[in-house]
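Only one structure is covered here, and it is reproduced in the block below.
The values are calculated or read from the model by the stated rules, or taken from the named source; none is laboratory data. Please read all numbers here as calculations on a predicted model, not as lab measurements. A quick note on method: Cβ atoms are made from the backbone with ideal geometry, for glycine too, and the neighbour counts reach across all protein chains shown.
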Amino acid sequence: MQIPAAKIYFPEDDRNELVKQFDEILQSGQLTLGKYGKDFEQKFARYIGTKYAAAVNSGTSALEIILRSLDIEGSSVIVPTNTFFATPASVIHAGGRVIFADIDDGLCLDSQSLETNIQKDTKAVIVVHIGGIISPQIKEIQEICRKGNLFLIEDAAHAQGSTLMKISIKEPRFSETRARQGSLAMYI
Ligand SMILES: Cc1ncc(COP(=O)(O)O)c(C=O)c1O
């Protein structure tokens, strides 16, 4: 059986609008830090419910920037086994050591495995809301991080607009342990 790769549909109106805007950008000669990026950041911050949003080139960079801002160099960071390569790669890029913890039936980070994997040099934990599902054990994970004084970072690359029991990814929210940091990636 052959399963074809996903084919994304772009309506004609959208294509025409995009071509018009790309043309405007190319004519301006300004490819970064222009009005579209700024507009996107402001609208996205409003949508997510945060004061600021910073657009960067990729989800990997977003995670790396967060980890560098938390100075995790020389420390270990716990990440779930079920994630995209970008999550552990961002830890390595930022000079940290990756510790993999197991996942639960919901395919997200398991709180018990997290607890048993914490080491003396552990400084942060990255939860991944995989497939748009907010980690079902997020409250337990938050509590473990609070008690252990660990940074909790949310890799929400899959989870723009996701909610768990009316708690929305729009209200950053879970990662209030030591730092409120979320990273969201998308195709643009
Ligand atoms: C769970 C997860 N985190 C981070 C990323 C990184 O995003 P990017 O490919 O934009 O670096 C992805 C991308 O698919 C992802 O699936």
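Residues checked against (1) touching an Asp or Glu at 6+ places or on another chain (Cβ under 8 Å); (2) closer than 27 Å to residue 58 by Cβ; (3) modelled with pLDDT under 95; (4) basic (Lys, Arg):
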position	(1), (2), (3), (4)
118	no, no, no, no
122	no, yes, no, no
134	no, yes, yes, no
137	yes, no, yes, no
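There is at least one residue in region 46-58 that is touching a residue at least 24 places away in the same chain (Cβ under 8 Å), within 11 Å of the chain's Cα centre (by Cα) and within 30 Å of residue 117 (Cα to Cα).
Rundown of residues vs (1) at pLDDT 95 or above; (2) assigned to a helix (DSSP H, G or I), yes/no style:
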{"site": "113", "(1), (2)": "yes, yes"}
{"site": "141", "(1), (2)": "no, yes"}
{"site": "152", "(1), (2)": "no, no"}
{"site": "157", "(1), (2)": "no, no"}
{"site": "160", "(1), (2)": "no, no"}
{"site": "170", "(1), (2)": "no, no"}
{"site": "178", "(1), (2)": "no, no"}
{"site": "188", "(1), (2)": "no, no"}
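Taking each residue of region 59-84 that is within 14 Å of the ligand (Cβ to nearest atom) and looking for partners that are aromatic (Phe, Trp, Tyr) and assigned to a strand (DSSP E or B) with beta-carbon atoms closer than 8 Å, six or more apart or interchain, yields 79/100; 80/100; 81/100.
The criterion of at least 1 residues that are surrounded by 16 or more Cβ atoms within 10 Å (Cβ to Cβ), touching a Pro at 6+ places or on another chain (Cβ under 6 Å) and polar (S, T, N, Q) is met by none of the helices (runs of 4 or more DSSP H) wholly inside region 1-105.
Limited to region 1-45, what total is found for residues that are small (Gly, Ala, Ser), free of Cβ contacts under 8 Å to residues at least 12 places away in the same chain and under 21 Å from residue 161 (Cα atoms)? Show your work before the answer.
So in region 1-45, the residues small (Gly, Ala, Ser) come out as 5-6, 28-29, 34, 37, 45.
Now restrict to residues that are free of Cβ contacts under 8 Å to residues at least 12 places away in the same chain: 5-6, 28-29, 34, 45.
Imposing the further condition that a residue be under 21 Å from residue 161 (Cα atoms) reduces the set to 45.
Within region 1-45, residues that are small (Gly, Ala, Ser), free of Cβ contacts under 8 Å to residues at least 12 places away in the same chain and under 21 Å from residue 161 (Cα atoms) number 1.
Among the conditions (1) under 22 Å from the mean Cα position of the chain (by Cα); (2) on the phi > 0 side of the Ramachandran plot, the only one that residue 29 does not satisfy is (1).
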